[in-house]
Every structure is written in structure tokens, then in C-alpha cells.
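**Student:** Let me begin by handing over the structure; questions about it come next.
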Amino acid sequence: MTDQPPVLDPLASVRDTGDPVTDVYLTGPVFLDIIFTGLDSAPVRGTESWARGMGSSPGGIANMATALARLGLHTALAAAFGDDMYGDYCWESLEQHEGIDLTLSRKVSGWHSPVTVSMAYEGERTMVSHGHEAPPPEEAAPQDPPPARACVASLTAGRREPWLARAARHGSRIFADVGWDDTGRWDPADLADLEHCDAFLPNAVEAMRYTRTDCPREAARRLADRVPLAVVTMGSEGAYAVDSARGQTAEVPALTVEALDPTGAGDVFVAGFVTGSLAGWPLADRLAFASLTAALSVQEFGGSLSAPGWLEVATWWQHAKTYDDQDRGALRRYAFLDELLPPAARPWPLRRAVPTIGFRQTPPAPAPGGTLGPR
């Protein structure tokens, strides 16, 4: 049970009888993220650094699952969770507070949760992770993903994902990003699963290394020869997309914000783009919305719990429309939000990363009649 229902359903106009219950299916590892912010510089060997801020939140694939759920999409996650306190905290956060369907997830006895420590400074982050691959499930046969409008996959160098082909055969639209290639090979053959994908969303460095180019826009054009839609995020330069299926291109500038913690911003971008894609928005609107959600997320710390909901988007847009004429000219790209967002935003602060997983939210006082009042 979630703390609050979604403010709006972005797919309301396209839902029909017989549609899959699940909008988006994901699978992957869930980490406990411990985030340090307010560092003046990178840690120096042999010294002790003090951070002015700290938080904990579910991480890994939980970043994208939470971002999708907060945008009103029915999200199902298949993941392994340790049976330690970290695993319990992540499971509770995702299922009870975010409303993510964990029916296909499992708790693994005797396996500890993977952990990532993320240190944010100078607009960037450095991460240290520890964990072991979860033991395989008792069922030897591969499980088909559930019927879903879309699946999101993270491609890994040197490994194929057989479930992608099965999902695509069942009619799911496949959106993929890619992880960092620790081998340094950046072999284009490692992107073989793109044959099953509708869209590929790497960052500029990843795109250029896989295509052997020195221009992110050229990299996007080359990737569009392998996948119908290639979207390359370019950091402070914005994002660029090539839709080879429709013969379209689009580019949007990045929003200038004061970044506190960039952890999970790429996942939030993908979630925003998937939302707009399933809703049938024009390509440029999808890019702009994805860039906006990512920009809002970096202003809070915590990868998953910093993901914005519709009220954060609505509050930003109401504020943005008060800018002077010069600034409003740059924001005209977001005029499509006027017809989309709820007319009035009620106060609803999202849960943010907390200093320690030991803290519990104080339950509300019972309302008359013994039931819990609104939170």
C-alpha cells in the first residue's frame, strides 16, 4: 500500500480493456545506497573527509522502478533481496511506500544485500560498491516476463539477456540503457540485444565509445542504424535523439539547476522518456520531459527517493511561468505541460533519503472512528 495515490495517470487516454495490468517490467540488482553529500573535494588517501549531508535509499534498479512508479506507471520489479535488515528496508520502501509490484521478486536466505557508497562533490559522484551475485532461483527453467506495455533493460558487456527476446515476442516495447564497460573493450558486438529493442538510451561517453566517434550526435545517428530510436544524453548540453523509424531528430537543452547529488539522474531520465513514449507524446516533448525529471532529481540526494512525482513537476512549472520574458523564451519548450498537469498542486512532499535506515516515519494519529487519516 502506497503512502499516496498517483496524482494523475499519464496513460489514461490510451488505456483500453484487455491491456496488460503492468505498464513497465524491470529486472536487475537492488542495492542499498548510502549517499554522502556536501564534500568540498574528492577524498584524499590517508585523510578523513567529513560530509555535510548523508542519506540512505534503495538503489540499483530501484532508482528506475521508483521513478516510473512516481510518474503513475504500474511497475513490476523482479529482483533478489537479501534477508538482512538492508533487504527488508529496500523491500518495504519499494512495495509499501512506492506501490511497486514485487510479486516476481524473491528474498534469498543467507545472502546479504549489495551496498553502494556514493560520494557527491563538484557536481559529480564517486561510488564504491560491494556485493555478490545472488544465487539462482530454485526453478531451473527461465521465467517469461509478465505481459507489459514496456520493459526496461540494462545491457551488460559480454552478456545476452534471453528474456528480452521473449518479451519482445509477447508485444512489449523494449527500452534499453547500458552500463559502464569495465573491460575497456566497448565492443559493438556486445550490443547484440539491440535487435529486440525499440529504443536505446546511452550517455554521450558510452555512445561515442561504442560507435568509435568523437561527437555524441554522430554517435546517435550511427546507433539509429541498429535500433529504431537512439537517444543520447549529453550532460550540460542536453539530449539528442534520432528516430530512424520515422525519419525524425530532436534536441533539447539541459535545464540549469543547482545539483546536489546526480546519483540516479540517468535512470530518472529513462523513466521520464518511457512515460512520454507510452503516452504517445511527440519526440521533442518526451526529450524535454525526461530532461526535466532528471534535473529535478539532482536537486535532492538519494538515487531512488529523489525521483520527482507529478506534483514536483507541477510546482516547478507554476514557478517557471513566473520568470521574466527572457527566461520564459527558453522555457517555451515546456508549454505542453499546461494541458497535462493537474490544475492545482496540493502539498505532498515526497519521501527523501533519510540519514539512517534505523529511523521510522511517525505514524499519523488515528482519525475519528479508529481509522487512519490522510497522510
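**Student:** Can you name every residue in the range 265-302 that is within 14 Å of the chain's Cα centre (by Cα) and of a type in the set (Ser, Thr, Tyr)?
**Tutor:** Result: Thr275, Ser291, Thr293, Ser297.
**Student:** Of all residues in the range 235-249 being within 19 Å of Ala176 (Cβ to Cβ) and in a strand (DSSP E or B), which is nearest to the chain's Cα centre (by Cα)?
**Tutor:** Ala239
**Student:** Counting only residues that are in contact with a Ser or Thr (Cβ under 9 Å, 6 or more places away or on another chain) and of a type in the set (A, V, I, L, M, F, W, C), give me the strands (runs of 3 or more DSSP E) lying completely in the range 1-102 with at least 3 of them.
**Tutor:** Fully inside the range 1-102 and qualifying: 30-37, 75-78.
**Student:** In the range 103-125, which residue that is of a type in the set (Ser, Thr, Tyr) and part of a loop (DSSP other than H, G, I, E, B) is surrounded by the fewest Cβ atoms within 10 Å (Cβ to Cβ)?
**Tutor:** My answer is Ser109.
**Student:** Going by the conditions given, is Thr22 in contact (Cβ under 8 Å) with a residue 40 or more places away in the chain, of a type outside the set (A, V, I, L, M), over 15 Å from Ser306 (Cα atoms) and in contact with an Asp or Glu (Cβ under 8 Å, 6 or more places away or on another chain)?
**Tutor:** yes
Yes/no matrix, rows are residues, columns are (1) under 27 Å from Ile35 (Cα atoms); (2) crowded, with 23+ Cβ neighbours inside 10 Å:
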residue	(1), (2)
Glu237	yes, no
Thr249	no, no
Val257	yes, no
Val270	yes, yes
Leu292	yes, yes
Pro308	yes, yes
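**Student:** Here's a follow-up. Between Arg173, Arg159, which is among the basic types (Lys, Arg), in contact with a Lys or Arg (Cβ under 7 Å, 6 or more places away or on another chain) and within 20 Å of Val227 (Cα to Cα)?
**Tutor:** Checking each option against the conditions leaves just Arg173.
**Student:** When the residues of the range 47-72 are narrowed to those that are aliphatic (A, V, I, L, M) and surrounded by 24 or more Cβ atoms within 10 Å (Cβ to Cβ), which ends up nearest to Gly264 (Cα to Cα)?
**Tutor:** Across the range 47-72, the extreme among qualifying residues is Met64.
Every number in this text was worked out from the coordinates using simple rules, so none of it is lab data. Source: prediction; values computed, not measured. FYI the Cβ positions are ideal-geometry reconstructions off the backbone, even for glycines, and counts take in every protein chain you see.
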